[in-house]
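Working notes, beginning with the structure itself.
Each value in this text was obtained by applying a stated rule to the coordinates, not by laboratory testing. What you are looking at is a predicted structure, and each value in this text was computed from that prediction instead of being measured. Note that we place each Cβ from the backbone using ideal geometry, even for glycine, and neighbour counts take in every protein chain shown.
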Amino acid sequence: MNPTTGQLVLLAISVMFFAVGAAISLARMWSSAKPLRLSAKIFDYLGISAAIGVIIWHSIARGHWQPMSDNFDTIIWLGILLALFVAYVQRVKPITGLDWFVMPIVIILLASAGYFGSQDLHTYRPLVRDTGIWVHRVTAYGGAVAFAIAAPVGAMYVIASRRLRAKSPGPSFTSLERLERLMMASVTLGFALLTIGLITGVFRMIVEKSSIPMPKLLLASLAWLVYAIVMHAPINPRFRGRRAAILSIFGFVLVVGTLAAVQFMPTGGNG
């Protein structure tokens with residue numbers, strides 16, 4: 001079902017909110033004023049709310065809630081997930097300029113949804129399916145790559161921390177602070193990609209009416225939980241430093257187990 005004029009108007013309003021938020025974020029890069037930070041957040045949340053409103057409206061109009069079942073719905077979902085990730089990271093572990101660099105991508109996705117959603121769905125349905133598969137695979141394997149960086153850095157942190165405590169000689173690594181920063185940056189990126197990979201994987205399962213082997217689902221969920229704890233280490237002193245490093249190593253073991261489950265167990269579908 002093609003989107004109605006009202007749905008396209010609401011989508012345009014969402015794009016406008018994100019554009020205003022991005023403009024304020026650009027101004028905020030040159031100023032640390034709290035009113036600017038608050039205003040940027042408000043417009044981003046308004047944009048997310050309007051986009052979710054479009055999804056709800058479109059689902060009601062077509063008579064079912066099956067996610068990512070057409071190109072209009074799929075592209076908006078991708079934009080919402082990306083915007084939610086940015087909002088979450090900026091709340092938990094702020095990165096100056098992240099929203100300004102990423103929100104234009106969200107705007108492009110939503111604008112693309114407005115264009116492609118007005119086209120013949122039969123023409124673009126294979127594109128929708130292939131896009132969903134592509135996004136799932138890229139985010140899942142991209143997250144694994146990021147975690148593959150975090151794990152050895154975490155191992156270096158553990159070794160360096162132990163040597164520092166014991167004051168034992170040996171090859172010197174970089175400072176613990178730099179190792180922790182690199183580990184946390186890799187975990188943050190990997191966690192975002194893994195989250196999108198899990199969500200798109202579940203959506204694919206629903207759309208294709210396929211099943212996921214329990215070991216694969218369990219390992220992926222445990223890895224997500226472990227990295228969620230690591231990513232929140234800065235606000236939970238109990239899991240900072242050495243414990244976060246050990247968890248990053250353990251999480252990578254779970255990710256490797258998940259990838260092995262993908263290769264050696266039937267999935268009822270590709271990927």
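Efficiency by 1/(1 + (r/R0)^6): what FRET value for ALA260 and TRP134, r their Cβ-Cβ distance, R0 = 25 Å, to the nearest 0.05?
0.65
Quickly work out the LEU26-to-ILE52 label distance, labels modelled 7 Å from Cα along the C-beta direction, and quote it in nm with one decimal.
2.8
Would you mind calculating the gained length between LEU225 and ARG162 on full extension (0.36 nm times residue separation, minus the Cα-Cα distance), in nm to one decimal?
20.1 nm
So how far apart, in nm, are the two label points at SER112 and TYR45 if each is 7 Å from Cα heading toward Cβ?
The modelled label-to-label distance comes out at 2.9 nm.
Which FRET efficiency value, to the nearest 0.05, is calculated for ARG62 and VAL9 with the Förster distance at 30 angstrom and r the Cβ-Cβ distance?
0.95
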